[in-house]
1. Which of (1) open to solvent by 40 Å² or more (accessible area, probe 1.4 Å); (2) out of contact with any Lys or Arg (no Cβ under 9 Å at 6 or more places or on another chain) does Ala104 not meet, given it meets every other one?
2. Name the pairs whose Cβ atoms lie under 7 Å apart, with the first residue in the stretch 54-74 and without any contact (Cβ under 8 Å) to a residue 24 or more places away in the chain, the second in a strand (DSSP E or B) and buried (at least 16 other Cβ atoms within 10 Å of the Cβ), and 6 or more positions between them or separate chains?
3. Within the stretch 46-72, restricting attention to residues that are surrounded by fewer than 16 Cβ atoms within 10 Å (Cβ to Cβ) and touching a Phe, Trp or Tyr at 6+ places or on another chain (Cβ under 7 Å), which residue is modelled with the lowest pLDDT?
4. Just to verify a result, which residue in the stretch 109-130, among those that are farther than 22 Å from Lys64 by Cβ and outside any strand (DSSP E or B), is most open to solvent (accessible area, probe 1.4 Å)?
5. Go through the stretch 46-96 and report how many residues are among the aliphatic types (A, V, I, L, M) and either touching a helix residue (DSSP H, G or I) at 6+ places or on another chain (Cβ under 7 Å) or assigned to a strand (DSSP E or B) (or both).
6. Can you name the residue in the stretch 23-45 that is in a strand (DSSP E or B) and acidic (Asp, Glu) and, of all such residues, is most open to solvent (accessible area, probe 1.4 Å)?
7. For the stretch 80-124, how many residues meet the condition of being in contact (Cβ under 8 Å) with a residue 40 or more places away in the chain and hydrophobic (A, V, I, L, M, F, W, C)?
8. Here are some residues: Ala72, Ala110, Ala46. Which one is over 14 Å from the mean Cα position of the chain (by Cα), among the hydrophobic types (A, V, I, L, M, F, W, C) and under 15 Å from Thr147 (Cα atoms)?
Amino acid sequence: MKDMDLELERKFCRLENFVEAEGGTLVEGYASVFGKADQGGDVVQAGAYARSLRGLRGGGRRVKMLWQHDPAQPIGVWDEVREDSTGLYVKGRILTEVARGREAAALLAAGAIDGLSIGYRTRRAEKDSGGRRLLSELELWEVSLVTFPMLPDARVGAKADDTAVALLRDMAEALQGARQEMTGARPGSRTL
């Protein structure tokens, strides 16, 4: 049996957006951007993922969310994977109930990691006059959170900054205060 790692290729992008929420850390962004050469000189063409995504949906399967391309370390789920005019958009949840998921969420929040990378097989490609490989059909297997992105323009797009976190805390405190006021509870006491 062939080693799956030897067959899969990988492309890296920088993760720009994440939001910590109940039930995990939400992440979204572009795992691949169309028409831009990555550091290896490959250019993914618009529509390159369409057939693969249709096949996954038709078979009731999902693109996997892995940690550093390690198939033994799934860290969450991609709830949405689609092509748009920019590239391959992904949105999902890092599961903090999983030890590696907690670590990934902490590293992401600290800015220690910010990359996305795709694991895929090339189905159709050709070389242009400059020797770059133009990828026109890819079989997408997984999108990983990684340390080093290969494509600087493909990153997580939404990140909770300190201002947003503070705003959410203030809203939660205001709601708690309103609930206590409505129930007649003393400040600082807990109501069930």
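The values are calculated or read from the model by the stated rules, or taken from the named source; none is laboratory data. Everything quoted here is computed from the prediction, not taken from an experiment. Cβ placement follows ideal geometry from the backbone for every residue including glycine, while neighbour counts extend to all protein chains displayed. Just the protein is used for accessible areas: all its heavy atoms, side chains included, with ligands, DNA and RNA removed. Shrake-Rupley method; radii C 1.70, N 1.55, O 1.52, S 1.80 Å.
1. Condition not satisfied by Ala104: (1).
2. Note: pairs meeting the criteria are Arg62/Trp78.
3. Selected residue: Arg62.
4. The extreme case among them is Ser129.
5. 11
6. Glu28
7. Residues flagged as in contact (Cβ under 8 Å) with a residue 40 or more places away in the chain and hydrophobic (A, V, I, L, M, F, W, C) within the stretch 80-124 amount to 12.
8. Numbers: Ala72 fails: under 15 Å from Thr147 (Cα atoms); Ala46 fails: under 15 Å from Thr147 (Cα atoms).
Selected residue: Ala110, the only one of Ala72, Ala110, Ala46 that is over 14 Å from the mean Cα position of the chain (by Cα), among the hydrophobic types (A, V, I, L, M, F, W, C) and under 15 Å from Thr147 (Cα atoms).
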